[in-house]
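Presented below is the structure to which this report refers.
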Amino acid sequence: ARAQPQKQQAPGGGAGAKSASAPVQGHGAGLDVPLLDASSGTEFIAVASGKGGVGKSTVTVNLAVALARKGKRVGIIDADIYGFSVPDMMGIEERPQVVNDRVIPIERFGVKVISMGFFVEDNSPIVWRGPMLGKMLRNFFQEIEWGTLDYLLLDLPPGTGDVALDVHQIIPQSKEIIVTTPHATAAFVAARAGAMAIKTEHEIIGVVENMSYFVSKSGDKEYVFGRGGGARLAETLHCDLLAQIPLGAPDNHVSEPDFSPSVYKADTETGIMYLELADSVISRVESR
């Protein structure tokens, strides 16, 4: 049977409604899910950016695959409810199945994936207000049979809105990676996402600078978006610059059995960079 999202109830009043003066809380706070317990051993990494178009989802997908290639048990929650893209980026065409009232995530390249994209038809838009997003995020934890995971990556929507707050409330132990381009404006805006992590007392593992340069046919590096944004952002957030990923796309062909539009092969130059990024993440997370 094809999985369907749990029917959402309209948010609002009732005896349990909070007053306008109540402390701000994420819509997903208070979940009792074994995966979220500290004893589960799962490391949660939220991948964030200040604005769209910097390649945050590309970084999330390729980091997850690289961690799986390192032998880790990995999952992705595509938490960008409005702008879901992970299934398409990974070349996933099937839908999750339901077994014993639990949704079984799709596994691709050794990574378990759940996304709002699995539950809409014909690329239909999601037209929800903020509280509905938090309820769906809750479902991604409560209704999914994740099994045992070493890492669960959350691909956050850009900015510092409801979903980012929900993630910080649901998973107080989560860590964060901030993605930017070298452009000064992108780095400036990304600093807000980092500031939110700091304000909510979430550790920032580091910064990934995406689209750092373009390698021309002559082999020269062309810095088409400028230089230095990632380093300046890392300095601002008092963390490390973990990687500088070049501008490009995987040389994958649709005829390949494991085709995906966005996952780099392990033996390519960029694929190796993502393996090195995975090593950096593992060393920082597992040494603590």
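The values are calculated or read from the model by the stated rules, or taken from the named source; none is laboratory data. Since the structure is predicted, the reported quantities are computational estimates derived from the model, not experimental observations. As a convention, Cβ positions derive from the backbone with ideal geometry for all residues, glycine included, and neighbour counts pool all protein chains shown.
Pick out the one residue from Leu154, Leu149 that is at negative phi, assigned to a loop (DSSP other than H, G, I, E, B), modelled with pLDDT of 95 or more and of a type outside the set (Lys, Arg).
One residue alone meets the criteria, Leu149.
For Asp251, state whether it is over 28 Å from Ile171 (Cβ atoms), surrounded by fewer than 21 Cβ atoms within 10 Å (Cβ to Cβ) and in contact (Cβ under 8 Å) with a residue 12 or more places away in the chain. Steps first, answer last, please.
Working: over 28 Å from Ile171 (Cβ atoms): yes; surrounded by fewer than 21 Cβ atoms within 10 Å (Cβ to Cβ): yes; in contact (Cβ under 8 Å) with a residue 12 or more places away in the chain: yes.
Yes: the conditions hold for Asp251.
Only residues that are more than 13 Å from the chain's Cα centre (by Cα), closer than 20 Å to Phe44 by Cβ and in a strand (DSSP E or B): list them for region 57-101, please.
Within region 57-101, no residue meets the criteria.
Any residue in region 190-212 that is over 20 Å from Val47 (Cα atoms) and either at pLDDT 90 or above or not aliphatic (A, V, I, L, M) (or both)?
No; the residues of region 190-212 include none that is over 20 Å from Val47 (Cα atoms) and either at pLDDT 90 or above or not aliphatic (A, V, I, L, M) (or both).
Starting from region 31-59, take each residue that is closer than 18 Å to Thr200 by Cβ and at pLDDT 85 or above and list its partners that are of a type in the set (A, V, I, L, M) and in a loop (DSSP other than H, G, I, E, B), counting only C-beta distances under 6 angstrom and pairs at least six apart or across chains.
Phe44/Ile171; Ala46/Leu156; Ala48/Leu156
Does region 85-112 hold any residues that are crowded, with 22+ Cβ neighbours inside 10 Å and within 11 Å of Asp155 (Cα to Cα), and which are they?
Matches in region 85-112: Val86 only.
For region 213-247, how many residues are more than 20 Å from the chain's Cα centre (by Cα) and part of a loop (DSSP other than H, G, I, E, B)?
Residues flagged as more than 20 Å from the chain's Cα centre (by Cα) and part of a loop (DSSP other than H, G, I, E, B) within region 213-247 amount to 13.
Checking the condition surrounded by fewer than 24 Cβ atoms within 10 Å (Cβ to Cβ) and in contact (Cβ under 8 Å) with a residue 40 or more places away in the chain, which residue from Val189, Val167, Val163, Val179 passes? Let's see the steps before the verdict.
Values: Val167 fails: surrounded by fewer than 24 Cβ atoms within 10 Å (Cβ to Cβ); Val163 fails: surrounded by fewer than 24 Cβ atoms within 10 Å (Cβ to Cβ); Val179 fails: surrounded by fewer than 24 Cβ atoms within 10 Å (Cβ to Cβ).
Unique residue meeting the criteria: Val189.
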